[in-house]
1. Which residue pairs have Cβ atoms closer than 8 Å, lie 6 or more positions apart in sequence or on different chains, and pair a first residue in segment B:377-395 that is assigned by TED's automatic domain parsing to the domain that holds B:Met312 with a second residue that is assigned to a helix (DSSP H, G or I) and among the charged types (D, E, K, R)?
2. Please name all residue pairs, on different chains or six or more residues apart, with Cβ atoms under 7 Å, provided the first residue is in segment A:270-297 and is under 28 Å from A:Phe117 (Cβ atoms) and the second residue is β-branched (Val, Ile, Thr) and not in a helix (DSSP H, G or I).
3. In the list B:Asn460, B:Asn418, B:Asn432, which residue meets the criterion of being over 30 Å from B:Gly337 (Cβ atoms) and polar (S, T, N, Q)?
4. Output the residue which, of all residues in segment B:380-407 that are assigned to a loop (DSSP other than H, G, I, E, B) and under 25 Å from the mean Cα position of the chain (by Cα), is farthest from the other protein chains (Cβ to nearest Cβ).
5. Among the residues of segment B:234-292 satisfying the criterion of being within 9 Å of chain A (Cβ to nearest Cβ) and polar (S, T, N, Q), which is surrounded by the fewest Cβ atoms within 10 Å (Cβ to Cβ)?
6. Mind listing whichever residues of segment B:408-440 are out of contact with any Gly (no Cβ under 8 Å at 6 or more places or on another chain), among the β-branched types (Val, Ile, Thr) and more than 8 Å from every other protein chain (Cβ to nearest Cβ)?
7. Enumerate the pairs (first residue in segment A:50-61 and closer than 13 Å to A:Gly108 by Cβ and of a type in the set (S, T, N, Q); second residue anywhere and at pLDDT 85 or above and open to solvent by less than 100 Å² (accessible area, probe 1.4 Å)) with beta-carbon separation below 9 Å, excluding pairs fewer than 6 apart on the same chain, so at least 6 apart or on different chains.
8. Please verify whether segment B:70-84 includes one or more residues that are of a type in the set (Phe, Trp, Tyr), buried (at least 23 other Cβ atoms within 10 Å of the Cβ) and within 19 Å of the chain's Cα centre (by Cα).
Amino acid sequence: MPSTPTASTPAPPAPDRVEKGTSLGRDAWHRLRKNKLAMCSLWFLLAMVLTCYLLPFLPLIADPNKTYPDLKSLGPFTTGESVKGPSVFYSLGSDYLGRDIFSRILHGGRVSLTVGFLATSVSLTIGVLYGAIAGFVGGRTDAAMMRVVDILYALPFLIIVIILTTYFGNQLWLLFVCIGAVEWLTMARIVRGQVLSLKKQEFIEAAQSLGLGNAAIIFRHLIPNTVGTIIVYTTLTVPAVMRLEAILSFLGLGVQPPHASWGSLIKEGADRMISDPSLLVFPSLFFAATLFSLNFLGDGLRDALDPKTSKD
Amino acid sequence: MVPHRLLALTISALAVFSTACERTDRATRAARDKILLLGNGAEPKALDPHIVSSVGDANILRALFEGLVTYHPSDDSAHEPGVAKRWEANDNFTEWTFFLRDDARWSNGDSVTAHDFVYAYSRILHPEMGSPYASMLYFLKNGEAYSTGAVTDFSQVGVKAPDDHTLVCTLEDPSPYFPDVVKHTTWYPVHQATIEKFGSMTDQFTLWQRPGNHVGNGAFRLVDWRINTFVKVERNPHYWDAANVKPNGIVFFPIENNFTEERAFRGGLIHYTYVLAPSLIDWYRENRTEVLRSETYAGSYFFRCNVTREPMNNLFFRKALAAAIDRETIVRYVTMGGQQPAHGFTPPSDAGYQPPDVIRFDPAKARQYLAQAGYADGSDVPAFDLIVNTSEQHKAIAEAVQDMWKTHLGITRVSISNQEWKVFQQTILDLNYEVARAGWIGDYVDPTTFLHMWRTGDTNNQTGWSSPDYDRLLKKAAQLSDTQARYAMLYQAESILLEELPVIPLYWYTRVYAISPHIVNWNPLLLDNHPYKHIDIRLPGDNPDRPPYN
């Protein structure tokens, strides 16, 4: 058996001056910072997330489920004297049971944002991996994997959710899993399509000829190149997921009363539109502002992250 | 000047267009055709009088069937002849003879005979039928015994048809108000040949209820039934009094969401809302007072407690829950329709019965009960569900009550879950709940319609509660012919009910709804059972003396 010849590789000559390399992320961050709209959106989202998650712990904010039926339907910036005793200040008015709208919006925001981000990351993880693998491996594996997606597409979403909730009981984590498990299908298709066109390109051939393993090719080369599309689709998924949550809550499968989410608050408000418009206006403003900034940020991120747009 | 003229032209065109639109909205077009468009709550469970038990379902059946005696358009205690043209009782009101009219017809043209009634009663009482409302027929001698299987021979049940047009009902106890009782849906006849064409007698959901197959004997017949969309009926040409039936047809819309229903009403899609959401009542009072109606309604809103389950099997715990509900606040600020906070179960009625005055809001007492129940404070109470059927109003009430229990008792682990109406009914029937919202509307004008249902084994009990003393008192009351003595006995029975609290009363209903001003003869009724044949629709400009249809 021939022994492996030991080859001593000569050390590379030390360069005089190393140009400091920049990473993909750093480049992207530089480009993103130039986009004012995207940066505003980013700060707004951060502020929103921090407010929703931290403020409810502060004593300034009222208990969102505390009812004062005799103080119902008050306007913004009013103080009501309840027969139950305390006088209550409502910064955004009170709802049909005298609960603080502002506090309910913040608490609802926690649910909506959590569902939005968690379910989206579930769908993102599954969808991107599944699509990239199917597209890269190709052939029969691809065909089989995509038929599975087709089959799952054909299953009625609501019925699956109902079956899962009857089996596992009505729990919030189930909501994340259910929504995530359904939303990944389109993501998988999109990523697969991208990968199919990318894998015939020269840089992949180069990577293969350099002896990179499949996993390395998928994670180092293919997925970063689909990032633009993924981000655009993700920013579309977050609102879709929040909307799904609202639908499920309405059917009694999601957030249970008296707890609220933005979806359920908007629904309650829409019902009482003629008698009590502020119940609709305030939650909708919060919801719309969040969705807008998600879209702007997504737009900015796509421009910033897509390696093909990096000219500098 | 040209632009101005153009502007004026556009505006007048728009004005004409918009008035044209207003005139031809669906409600107006239907009114012109004398079709009633009625909101009717939830999707009907069935169109079979032996299966249904809810008010909305009964509303549809009242159009499709007719009992021996029927409802008067403006007086709950008046008796209008239905299939029976006259009736008489023996001296102590235990045997009633109904003389049926010769010209009563099924919607397929067959004659309605006394045998159809006997068949119907043998069907609803049949143990295999499992009818949720069979207990209404326990008035009949041996009715309960047959229904529970103690008697297997139907000929021993107190209903006989000596000939085609005579029906004799022998009752368990004297019941002077029996003609009121037989107006109810459960006493309607059914068409034997049709039922048995699509399955055996005791099959519950067969195709006989579908449009095209359905046969009834009411003023209307079934044209179409689309799930979650509508139930459409038209005048029945074979009906004996067809010449005096005012509407040409009725469409019932199952709109579960109160707000959607109200928008449909405001948008001219329906003539009548089944309910009106509390938060809209004030708006209607200010802006559309001519369509708003608020009437006394013999009904009780309460929570059922499943006494077979933790923690509801604990009497003191139920008492604590009942005492911690501030009913005054609920009726004033949550339901807002002028409802009365309930201090007993049976609504006080003009007939003279006053329920015991024992249910009170008393937070201190409630905490004391909680301690007696063995809970130091509310946080050690096991988690339980409060289930409601899908409706914003029930949800709002549940949320308010949940917060009251939290404030006054410290109970934190109550979750509210809502269920669609059909699922909800089944859940209650299966005793698969801890606390459930419920409402009971009187079936006839007598307190027994609110008290009979809590007897042991009554099909509408659905709480698992049973009390031999209660049963005995009701039985004794039934044998008394003196009204005052009977009421006193019923009062004692109700006191037991309110002492043991398998149900937690909240308030006594008022009927609050919106109705198009074009609907004529829709009068306030305590039981809200409107006989549709008397309801007329008149648009402004219509000649009221116009001869009736056909």
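The values are calculated or read from the model by the stated rules, or taken from the named source; none is laboratory data. Nothing here was measured: the structure is a model prediction, and the numbers come from that model. Ideal geometry is used to build each Cβ from the backbone, glycine not excepted, and the neighbour counts take in all protein chains shown. Heads up: the accessible areas ignore ligands, DNA and RNA and are worked out on the full protein's heavy atoms, side chains in. Shrake-Rupley method; radii C 1.70, N 1.55, O 1.52, S 1.80 Å.
1. B:Gly378/B:Lys406; B:Val388/B:Lys395; B:Glu392/A:Glu268; B:Glu392/A:Asp271
2. Listed by first residue and then by second, the contacts come to nothing, as the list is empty.
3. On the way: B:Asn460 fails: over 30 Å from B:Gly337 (Cβ atoms); B:Asn418 fails: over 30 Å from B:Gly337 (Cβ atoms).
Answer to the check: B:Asn432.
4. In this case the residue turns out to be B:Ser391.
5. B:Asn287
6. The answer is B:Val414, B:Val423, B:Thr427, B:Ile428, B:Val435.
7. A:Thr51/A:Leu106; A:Thr51/A:Gly109
8. Among the residues of segment B:70-84, at least one is of a type in the set (Phe, Trp, Tyr), buried (at least 23 other Cβ atoms within 10 Å of the Cβ) and within 19 Å of the chain's Cα centre (by Cα), which makes the answer yes.
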